[in-house]
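Written out below as structure tokens is the structure these notes cover.
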Amino acid sequence: MIYVDTSVLVALMVNESKSAAVSRWYGACTDEMVSAIWCVTEFASALGIKQRTGQIDTDEARAAWLRFERLCANDIKLLPIEPATFHRGAVLMLDAATGLRAGDSLHLATALDVKAKQMATLDEVLANNAKRLKLKAVKFY
């Protein structure tokens, strides 16, 4: 089972520097892919930021949203987040040296709770913390 962070989902749906590598990985992936339901809110936020900064327009955002919804319906299992997972995510951030932000700690806590073997992320801080906690980080080339 591979836990997929929102950064990977954004790169799949919107043209970014790592989009080609993420697309190759996605096309070859045969493992079950999961993510926390939180990724829906986070994905919408990423689209809003990209619109406000002029990286994409409204039509591109709508198209990316529709592709994302299809992906969530067909290829990735969205997991509920239990109160204990929020607590675990908070505890993961208590050590400031981790560099984790709230959303990333929630992704990491969810991945640990479901005993994912791998973490697919484009976020270096999240990847380093995943490795520290014995999750293999997917490399995108």
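Where a number appears in this text, it was derived from the coordinates with a stated rule and is not lab data. None of these values were measured; they are calculated from a predicted model. Every residue, glycine among them, receives a Cβ derived from its backbone with ideal geometry; neighbour counts consider all protein chains shown.
In degrees from 0 to 90, rounded to the nearest 10, what is the angle of the helix 58-74 Cα long axis to the longest principal axis of the chain?
Between helix and principal axis, roughly 50 degrees.
What do you get for trypsin sites (Lys or Arg not before Pro) in segment 41-110 restricted to DSSP loop and a cutoff of at most 16 other Cβ within 10 Å of the site's Cβ?
Passing sites in segment 41-110 are R101.
Send over the per residue convex hull volume for segment 49-131, Cα only, as a whole number of Å³.
125
Work out, in µm²/s and without decimals, the Stokes-Einstein translational diffusion coefficient of segment 1-82 at 10 °C, 1.306 mPa s, Rh from Kirkwood over C-alpha pairs.
Diffusion coefficient, whole number: 122 µm²/s.
Compute the angle between helix 83-93 and the longest alpha-carbon principal axis of the chain, please, reported from 0 to 90 degrees and rounded to the nearest 10.
80
Only helical DSSP H runs with n ≥ 4 go in: add -39500 (n - 2.57) per run for the chain, normalise by residue count and round the 222 nm mean residue ellipticity to 500 deg cm²/dmol.
Value at 222 nm, helices only: -18000 deg cm²/dmol.
Report the convex hull volume per residue for the chain, counting only C-alpha atoms, in Å³.
Measuring per residue, one finds 106 Å³ for the Cα hull of the chain.
Leaving out same-chain residues fewer than 8 places away, which lysines sit with a Cα under 30 Å from that of K117?
Candidates past the 8-residue exclusion: K18, K77, K131, K134, K136, K139.
Of A130, A90, A36, which is the most mobile in a GNM of the chain whose springs link Cα atoms less than 10 angstrom apart?
In this elastic network of the chain, the residue with the biggest mean-square fluctuation among A130, A90, A36 is A90.
How tilted is helix 38-52 with respect to the longest principal axis of the chain? Cα atoms for both, answer in degrees (0 to 90, nearest 10).
For helix 38-52, the angle is close to 50 degrees.
Mind telling me which of A46, A96, A120 comes out most flexible in a GNM of the chain, alpha-carbon contacts under 10 Å?
Among A46, A96, A120, the largest GNM mean-square fluctuation belongs to A96.
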